[in-house]
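The next block holds one structure in the form of structure tokens; read it before the comments.
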Amino acid sequence: MKGLILSGGHGTRLRPLTYSQQKQLIPVANKPVLFYAIEDMIEAGITQIGIITGPNREQVIETVKSRDWDAEITFIHQGDPKGIAHAVKVAREFLGNDDFVVYLGDNILKEGIVDHLDHFMMSDFDASILLCEVPNPQQFGVAELNDDGTIKRLVEKPKVPPSNLALVGIYFFKPIIHKAIDHLKPSWRGELEITEAIQWLIDHGYRVGWTKVTGWWKDTGKPEDIIDVNRLILDDLKTNIKSEIKGRIVGRVVIEEGVEIDENTTIKGPVVIGKNTKIRNSYIGPYTSIGNGCVIENTEVEDSIIMDGTTIINGGRLLESLIGRDVKIIKEESHPKGKKFVIGDHSRVFV
């Protein structure tokens, strides 16, 4: 069994953050989203992992290589994103004739994939997909089931959904999927669609199974999704304090080495604070992740993600914010009063 993780694409829904960094590298609880997929595969015993790269290839490679993994990782360049099935096609040499799992690198699954992989390995399915009940199935690919519970067809973002079972971005395949992909033509989006390849298997008599996600699942495609999954992960936080702290600590926190928190600061967990960050005369409230090397002064932050190297001084009260790397938010007490912005394309500013 091999693993294939997709870490390409342009991440247009996360701009302007994704102008300068790959979307799968955005941190959740101070860890790149991509790392959760790698860890899930290693937990499931998969030690040969291919990572599909796209526009920010070198950035992905450098980030993944910054950690020692209990797996052999191969980087496979896709170039322009032309669909999940196209990524599988590009990885054909790496995959060989082995069974494999495809994992979209911007997905996070609370329960991991161990049970789902075991189900696939113990069955005679040619493919198996993960399904999750969602309140808004019209926004996803959806599975329509037969009366006996087998999959009848897959429908992409239906106006009238045949069920509330959305396709999770994790798929298990036997090598026959390559034959299905060879029969595909680009969709209206100009992509080779993995759902069409799976439908080809169904239509030609191959067995396609499914398992149901019992915990939470998040596709981190939009800022609000990233904030939400940060909350979910921090809910399981266990206290680990590696610095001497002068301020007041309430609840569960992770505080890394070299952190300075003065006596006029309150940290109310769950909160994670990265290495060498300095916090003075501030309040850091629940569900906040602060990266490495940040400076926060005279500011209240809650329910937010602040990435490495950011400075916030006299920032007022920040809620549900997603703030990128090396950002400076500084309110100067001077006249004339006014606001000064340097803002990239597709930004959103709430003042």
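Derivation of every value follows stated rules applied to the coordinates shown; laboratory data play no part. All values reported here derive from a predicted model rather than from experimental measurement. Neighbour counts run over all protein chains shown; Cβ positions are idealised from the backbone, glycine included.
See the values below:
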| read-out | value |
| --- | --- |
| Relative contact order computed over region 210-255 (Cα-Cα under 8 Å; 6+ residues apart), in percent | 28 percent |
| Neighbourhood net charge (10 Å Cβ-Cβ; Lys/Arg +1, Asp/Glu -1) for Lys278 | -2 |
| Region 2-222: C-alpha pair distances exceeding 20 Å, % | 57 percent |
| Euclidean distance of C-alpha centroids, region 211-287 and region 20-73, integer Å | 22 Å |
| All lysines inside 23 Å of Lys179 as judged from Cα atoms, apart from same-chain residues fewer than 8 positions distant | Lys2, Lys82, Lys89, Lys152 |
| Fewest-first sequence of Trp69, Trp200, Trp210 by Cβ atoms within 10 Å of each Cβ | Trp69, Trp200, Trp210 |
| Share, in percent, of DSSP beta bridges within the chain that are antiparallel, nearest 5 | 30 percent |
| Residue-averaged [θ]222 nm for the chain, counting only DSSP H segments that reach four residues, each worth -39500 (n - 2.57) | -5500 deg cm²/dmol |
| Cross-link table Lys23/Lys275; Lys31/Lys212; Lys65/Lys268, entries beyond 28 Å C-alpha to C-alpha | Lys65/Lys268 |
| Surrounding net charge for Gln138, when Lys and Arg each add one and Asp and Glu each subtract one, Cβ distance under 9 Å | +2 |
| Segment Asn298-Gln59, length gained on full extension (0.36 nm per residue, minus Cα span) | 82.7 nm |
| Gyration tensor verdict on region 78-118 (Cα atoms; rounded if a/c is under 1.5, prolate if a/b is larger than b/c, oblate otherwise) | oblate |
| Those aspartates and glutamates that a straight Cα-Cα span of less than 17 Å connects to Lys278, excepting residues fewer than 8 apart in one chain | Glu244, Glu256, Glu257, Glu260, Asp262, Glu263, Glu297, Glu300, Glu302, Asp308, Asp326 |
| Per-residue Cβ neighbour rank within 10 angstrom, fewest leading, Tyr103, Tyr287, Tyr206 | Tyr206, Tyr287, Tyr103 |
| Cβ-based charge dipole, region 206-335, positive-most Cα from Ile305, Val254, Thr211 | Thr211 |
| Relative contact order of the chain, defined on C-alpha pairs under 8 angstrom at six or more residues apart (%) | 13 percent |
| Cα gyration tensor category, rounded, prolate or oblate, for region 237-330 with a/c compared to 1.5 | rounded |
| Listed residue (Gly221, Ala87, His77) projecting farthest to the positive dipole end of the chain, Cβ model | Gly221 |
| Ranking of Asp68, Asp182 by count of other Cβ atoms within 10 Å, fewest first | Asp68, Asp182 |
